[in-house]
Structure formats: C-alpha cells, structure tokens
1. Which condition does GLY66 not pass, out of (1) at pLDDT 95 or above; (2) farther than 26 Å from LYS40 by Cβ, if it passes all the others?
2. Could you say whether any residue in segment 180-198 is more than 17 Å from HIS255 (Cβ to Cβ), without any contact (Cβ under 8 Å) to a residue 24 or more places away in the chain and surrounded by fewer than 19 Cβ atoms within 10 Å (Cβ to Cβ)?
3. Criterion first (closer than 22 Å to PHE52 by Cα, assigned to a loop (DSSP other than H, G, I, E, B) and under 18 Å from the mean Cα position of the chain (by Cα)) does VAL106 satisfy it?
4. Quick one: in segment 208-239, of everything that is polar (S, T, N, Q) and over 28 Å from GLY12 (Cβ atoms), which residue is least open to solvent (accessible area, probe 1.4 Å)?
5. Only one of these is modelled with pLDDT under 95 and of a type outside the set (Lys, Arg): ALA59, ALA101, ALA29. Name it.
6. Could you list, in sequence order, the residues of segment 154-181 that are closer than 19 Å to VAL219 by Cα and in contact with a helix residue (DSSP H, G or I) (Cβ under 9 Å, 6 or more places away or on another chain)?
7. Tell me, which strands (runs of 3 or more DSSP E) wholly within segment 1-51 include 1 or more residues that are open to solvent by 10 Å² or more (accessible area, probe 1.4 Å)?
8. Looking only at residues that are in contact with a strand residue (DSSP E or B) (Cβ under 7 Å, 6 or more places away or on another chain) and open to solvent by 20 Å² or more (accessible area, probe 1.4 Å) in segment 155-174, which one is modelled with the highest pLDDT?
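The values are calculated or read from the model by the stated rules, or taken from the named source; none is laboratory data. No experiment lies behind these values; they were computed from the predicted model shown. As a convention, Cβ positions derive from the backbone with ideal geometry for all residues, glycine included, and neighbour counts pool all protein chains shown. Quick note on the areas: whole protein, heavy atoms, side chains included, nothing else; ligands and nucleic acids left out. Shrake-Rupley method; radii C 1.70, N 1.55, O 1.52, S 1.80 Å.
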Amino acid sequence: MKHIEIANLNVGNDRPLLVIAGPCQLESADHAQMIAGTMKEACDAAGAQFVFKASYDKANRTSASGIRGLGIDEGLKVLQGVKTAIGVPVLTDVHTEAQCAPSAEVCDILQIPAFLCRQTDLLLAAGKSGAVVNVKKGQFLAPWDMDNVVSKVESTGNEKIMLTERGTSFGYNTLVTDMRGLPRMAKTGYPVIMDATHSVQQPGGQGGSSGGQREFAPVMARAAVSLGIAGVFIETHQDPDNAPSDGPNMIHLHHMPALIDTLMAFDKLAKSNPIHI
C-alpha cells in the first residue's frame, strides 16, 4: 500500500479520506478562494483531507463555443492565490506536454483527463514534472488497463500517482460505474479516487453541452467511500445551474458540509474493517 505526500497531507487507501473539490473551471480569484475557503472549513470540521481543484482550460468542451476558462497564465496566478490565501494544495488538468512543467511550478497535482489517459508523451511529461500525477481512467478502458498507465508514469521515476474512476461509456450519452473497478485499481498499491460528479455526467447529452444527474452524485460518493478508498473527487459550485461548465452534475456548495460528514462516517467504518480481494 503506497502513501502519497501532497504538501502536508498523507494520502492512501488506508488513510483518512481525501476530498478533491472545487468548481469545474476557474472563474475569478475571489470565486476560487470563496469555494476553497468554504470547502476547507467543511473538511477541517469533519476530519477530511482537502485539495482544491479547478481547471484553467477546459480543452474538451462538447461544442467549440463552450467557455474554456481563464487560460494557463491567469489560471496559475489564481491557483497560487488559493494556495497562499487558503493554505491548501491545488490540482488542475493538463492537456499537452508543454503545460506540465509550468503547471507543476504552482500545482501540487497534475490531472490527466480521461480522454488523454493513454497519451504516452503527456503521461511522461507529467511524471517528469515531479508533481503528483492523478490519472482519470478513460471511459473506454477496463480497470486493469490502468496497470499500463501506471507503468508509463513510473518509468519517469515518479511514483506519486493516483488513479481516478469516473465511469464507463454505456451506449450513447450515458455512463455507468462498475464498483469492482475500485478495488481492482487499488491492487496497483496506489491511492484510488472516485469521481462522483463526472460519473453521473451525460456526455453531450444536451446536444451542444453535456447533461448530468447531480442528484445521484452523493449516491456514487457514498457507495465508493464505503469500499475503503483514498478519496473522492467532487465538483461543486454555489450556483450550478449557471456555472460555465458541468453544472448539471455538480453538487450545490451549501450541500457539501453535510455530505462530507456522511462520507467520513462511511470512511471510518470501511477502513476499520477493510476489504481484501
């Protein structure tokens, strides 16, 4: 069982739950710090570990007219502001090899989007950056296919790796999650994360944008955490219906403290009597 150091956090499948949470994309410095501050307070109160997440560029929007975000230069300034003002580690997506090194100068975790999880050059650049690398399992991959992804990142000498489940394509505009994939990916030894909000996404479900069923995101989070995993990934916003991206599957910010309390109860129970497969 591997433990990953992320700033002052210690993350692993047998460690207290890590909550990775924030808006889908960065909107402004004030907005990012408001959500990060609210989430840190909730996680501290519940005893959860916390990493703030937000993307400076949403490069895989459904439509070419979709709002992509602040861009790398302004986005990294905003993320540095969150680290300084709120005192929490930060995560952002990277989409090209060139984004990895500059992003790692600010971000504690570089996240590889699901669509790009087999892009060898991107995985190698992320690994070489020295940051923690969180790879989302592609909607088209089996859980055991992530063994090869792990090997690519490990080949750089970087063993600070996390693996995230976010659902599997099932027909058109639909995802399903096979919970057997979580303990199977945990066989790598690396921390496993459940993306509770993207797993209820309906890709392209609204024609020019993705839909979602946010009412089921807490269901996915509770089910996954009850198995005993390292963490849960949840996108949240104070007004999801008017968020610039992924609003239909994001959880309302004011619902997050109660959800985190519940997840910590499941986490404590699961890790007091772990599953062995």
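1. (1)
2. Within segment 180-198, none of the residues are more than 17 Å from HIS255 (Cβ to Cβ), without any contact (Cβ under 8 Å) to a residue 24 or more places away in the chain and surrounded by fewer than 19 Cβ atoms within 10 Å (Cβ to Cβ).
3. yes
4. SER210
5. ALA59
6. THR164, GLU165, ARG166, GLY167, THR168, LEU175, VAL176, THR177, ASP178, MET179, ARG180, GLY181, listed by residue number.
7. 4-6, 9-11
8. Pass one, segment 155-174, residues in contact with a strand residue (DSSP E or B) (Cβ under 7 Å, 6 or more places away or on another chain): 158, 160-170, 173-174.
With open to solvent by 20 Å² or more (accessible area, probe 1.4 Å) added as a condition, the list becomes 160, 168-170, 173-174.
Details: LYS160: 98, THR168: 95, SER169: 93, PHE170: 92, ASN173: 86, THR174: 89.
Result: LYS160.
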